[in-house]
Amino acid sequence: MDSHTDIKRSGTPSTGRRPLPTDAGRVASKDSLLVGGVRARSDFVGRHLPEVVRFPQRLSQAEYYAAAYPLMLLSRRMEERLLDLFKKGYVKGTVTDSWGNEATAVGMTMPLRAGRDVVSIWHRDLAGHLLLGATPYQLFCQYMANAESPTHAREGNCHHGDAARRRFPMMSHLGKMTSLVVGGTWAARRDGEDVFGLAVLGDGASSTGEIHESLNLASVQKVPVLFLVENNHYSFSTPTSFQYHCRHLADRAHGYGISGYTINGLDSWEVYTSVCDALETMQATSLPVILECMTLRLNGHAAYDKGDYVPAETKKRWLAQDPVPAARRKLIETCGMSEVDVADMEEAVEEEIRSALARAMPVGRPDPLGNRMSVFAEATPPKVKPYHSPAVKNGEAVGRALDYLLEHNPNAFLMGLDVGVYGSAFKTCKGLFERHGPRRVLDMPVCESAQVGFALGASQIDARPIMEFQFADFSTEVGTQLGMNSSTWYFRTGRPAPLLFRLPCGGGLTMGAFHSGEFEGLWSRFPGLKLLYPATAQETFEALVAGFHDPNPCLVFEHKQLYWSRSGEIDFDGNLSAVWRPRRYTEGTDLTVVAFGAMVHECLAVAARSPRSIEVWNPFVLQPMDIGPILESVVKTGRLLVVQECGEVQGLGDRVISLVCRESLGALKCPPRLVAAPNLPIPFAPELESNHRPNSQRIEAAVERMVREDS
């Protein structure tokens, strides 16, 4: 559909509530954004936002256009300057513009409470960023990636926000930000805040799986998020006829048991009133709403795209529907303003841009030496309550640690598949639902990617999520959310992302290729994630408690075979600083053995019966790995054997060998060796699996071979 002349509001009717009187709440409150008026030129200069009331109060149509038109014009004129700066080389990257989308961008954000409602808006929503707290100066600096860029020049020009004020920055992986809005809104409302979410997506993003996961999760958990679809008919160059086959994207709402509407996104007043109606509906139902705004993209996808794939006749028709001049006409019609008044307003907008750009242009380039980039938020572990328990199995240690965390941290919650009444697939969460209740222990739909996004969003609203992957194998579903979004969050936003993920992993239980992997090698390749791999009950308890209290995303690998086959004492003194270190189990002088997970116990069995003097180590913290104590051991013994359960290209054994060779090559009496599984999927039959995994016999043979090599 290329024309908007036949677009009418369609979908489930709204609640039909009457709007509040337009003069209600004219006195500024915490829900009003205090800035100058919009009529007087002198009032507008340096004050890019007009004074407006926010939901639940509403503006009259005249009041609305008096506020909306200068913002739409400000957005348009700023982006004209940005395109010019791009052509002149001052701006780099993917420069997109909002031309044609300004009516939707202003209408959807005008009712929202900046710093209170949880939002993620997009690259065609510059006016929305302005309404929610960004200034023209900040945005110019961001696009020029200069020394005063809000992201410290670390992020792309349109990937910006203010996570501290609940405006989450977008990422280019379409649809991925919607689940963060669901989690953030859920966390705020759990704490008693009257909060809504706004998750913006495009017609292209509507084809992604995360959108389904987020909509379904929001509906199941009853989280009032407005999923606003900016349908501009093209995803880059792909028309919507290749994106979906239904009449309207809002029609999909029925599948989630929620309301959905399709409206004219070129009519800013219609967008504004529809968003206000949707907020009232969500206030009454606590359910999400889909609002599809049929809008336009008057230019190509970005500065480098001429948009030649759009038919000329369609372009001509679209230009005639440009929402900015339409808003100007509405302003004169509804407010009775003269051309002189409007011209004064427009000159004030121009002066605002000139002033911001004049400040931004001389700002220097970022200093690579002074820009202290880090993927990890600084950790200052607190002193926590000690814990002691004798003869605890590893699986019980998991449950004890989770109970300990939920008991002593009111903002903590556990989420995952079957973690509630069932107590999780391996019963490590047994009894937690009964002790802490459904608001602290959440059974989630099968949507691992959206679960991680939900957790990340919740972590930004002072909640402390603990997420269990039913199997570590299922973590491959979350490559983007965990490996690209969560891991880079602190680097991009300056905000910690305290997330704890549990990954039951490893073989030995005859579960086959899709339930027996470890994947510590995979996740170690993403900067910003911390990885811990315990082998004993004590280590399991410590890893979970330390990972929870760390301000970064932490993954704890729990070997399933050790859950109920190994036991030991937990004697935790509450000193979290002492947790983050490699673990040595035996002392020796002939050989240093480094092992992971269940292989620790295979190596200990070899050390116990071998005539050789073997020192057995578990790195425990796999990322960032402290190799220092292991290097000291290798210098002492002159030999290094690394044992891992997974294939040699899948784990971290070669990483340990590389670090040792780099730092202590001269101390080695013989080449280091790696004992690992074949580079094959893990077979199912017990006979095949036991032959596939390294065992004590193979380890013992490697030990003898290495000791003899230099004797």
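Bear in mind that the values in this text are calculations on the coordinates, not laboratory data. Keep in mind it's a predicted model, so treat the numbers as computed, not measured. Cβ coordinates were reconstructed from backbone atoms using ideal geometry, including for glycine residues, and neighbour counts include every protein chain displayed.
In segment 492-645, inverting the average of 1/r over every pair of distinct C-alpha atoms gives 16.3 Å as the Kirkwood radius.
Take every Cα-Cα pair in the chain and report what % of them are more than 46 Å apart.
The answer is 29 percent, as a whole percent.
Loop sites here are GluC sites (Glu not before Pro) outside DSSP states H, G, I, E and B with no more than 14 other Cβ atoms within 10 Å. The longest part of the chain free of them is 379-586.
Put simply, segment 387-578 fits an ellipsoid with semi-axes of 23, 19, 17 Å; these come from the alpha carbon gyration tensor as the roots of five times its eigenvalues, largest first. Taking a sphere under 9 Å around the Cβ of residue 576 and counting the other residues whose Cβ falls inside, with K and R at +1 and D and E at -1, yields a net charge of -1. Kirkwood Rh over alpha-carbon pairs of segment 583-709, then Stokes-Einstein at 10 °C and 1.306 mPa s: what D in µm² s⁻¹, rounded to an integer? After rounding, the answer is 109 µm²/s. By the count of other C-beta atoms within 10 Å, a proxy for reagent exposure, 631, 499 are ordered fewest to most as 631, 499.
Adding -39500 (n - 2.57) for every DSSP H run of four residues or longer, then dividing by how many residues the chain holds, sets the calculated 222 nm ellipticity at -11000 deg cm²/dmol.
Can you give the alpha-carbon Rg of segment 39-360 over 2.2 N^0.38 Å, where N counts its residues?
On the way: Rg = 18.6 Å, N = 322, 2.2 N^0.38 = 19.7 Å.
Segment 39-360 yields a ratio of 0.94.
Projecting label points 7 angstrom from Cα along Cα→Cβ for residue 648 and residue 427 puts them 4.0 nm apart.
Excluding same-chain neighbours fewer than eight residues apart, the lysines reachable from residue 316 by a Cα-Cα span under 27 Å are 8, 87, 306, 330.
Put simply, the C-alpha atoms of segment 432-532 give a gyration tensor, and the ellipsoid matching it has half-axes of 23, 20, 11 Å, longest first.
Were the residues from residue 434 through residue 316 laid out at 0.36 nm apart, the gain over their Cα-Cα distance would be 36.1 nm. The three principal axes of the Cα atoms in segment 537-576 give end-to-end lengths of 32, 22, 7 Å, sorted in falling order.
Taking the centroid of alpha carbons for each part, segment 380-404 and segment 256-284 are 48 Å apart. Once both labels are positioned 7 Å from their Cα atoms along Cα-to-Cβ, the gap between residue 87 and residue 350 label points is 1.8 nm. Short to long, the 10 Å bins of the Cα pair-distance histogram for segment 225-333 hold 13, 37, 32, 16, 1 percent of all pairs.
If I fit a long axis through the Cα atoms of helix 628-637 and take the longest principal axis of the Cα atoms of the chain, what angle between them do I get, 0 to 90°, rounded to 10? It works out to around 20 degrees. Among the chymotrypsin sites (Phe, Trp or Tyr not before Pro) within segment 69-149, not one is in coil by DSSP while having at most 15 neighbouring Cβ atoms inside 10 Å.
Panel order for 670, 554, 603, by other beta carbons found within 10 Å of each beta carbon, from fewest to most: 670, 554, 603. Based on the alpha-carbon gyration tensor of segment 247-295 and its eigenvalue square roots a ≥ b ≥ c, which shape applies: rounded if a/c is under 1.5, prolate if not and a/b is larger than b/c, or oblate? Oblate, since a/c reaches 1.5 and b/c is not below a/b. Considering only 345, 221, 630, and ranking their Cα positions along the charge dipole of the chain that arises from unit charges at the beta-carbon of Lys, Arg, Asp and Glu, the one farthest toward the positive end is 630. Give the Debye-formula value of log10 I(q)/I(0) at each listed q (0.10 Å⁻¹), with one equal scatterer per alpha carbon of segment 180-272, two decimals each. Taking Cα atoms of segment 180-272 as identical point scatterers yields -0.29.
Distance from the Cα centre of segment 657-711 to that of segment 464-493, in angstrom? Centre-to-centre distance over Cα atoms comes out at 31 Å.
Would you report the distance distribution of C-alpha pairs in segment 80-226 as whole percents per 10 angstrom bin, up to the bin with the largest distance? Reading the bins upward from 0: 12, 40, 35, 12, 2, 0.
If you add up the charges near residue 449, with Lys and Arg at +1 and Asp and Glu at -1, over every other residue whose beta carbon is less than 13 angstrom from its beta carbon, what do you get? Its environment carries a net charge of -3.
Each Lys or Arg adds one and each Asp or Glu subtracts one; over the other residues with Cβ under 13 Å from the Cβ of residue 636, this totals -1.
Out of segment 131-179, which trypsin sites (Lys or Arg not before Pro) are coil in DSSP terms and have no more than 11 other C-beta atoms within 10 Å? When the trypsin sites (Lys or Arg not before Pro) of segment 131-179 are filtered for loop state and at most 11 Cβ neighbours within 10 Å, nothing remains. Qualifying trypsin sites (Lys or Arg not before Pro) in segment 255-334, where qualification requires a DSSP coil assignment and no more than 11 other C-beta atoms within 10 Å, comprise 306. Here 626, 117 are placed in order of increasing Cβ neighbour count within 10 Å, fewest first, which gives 626, 117.
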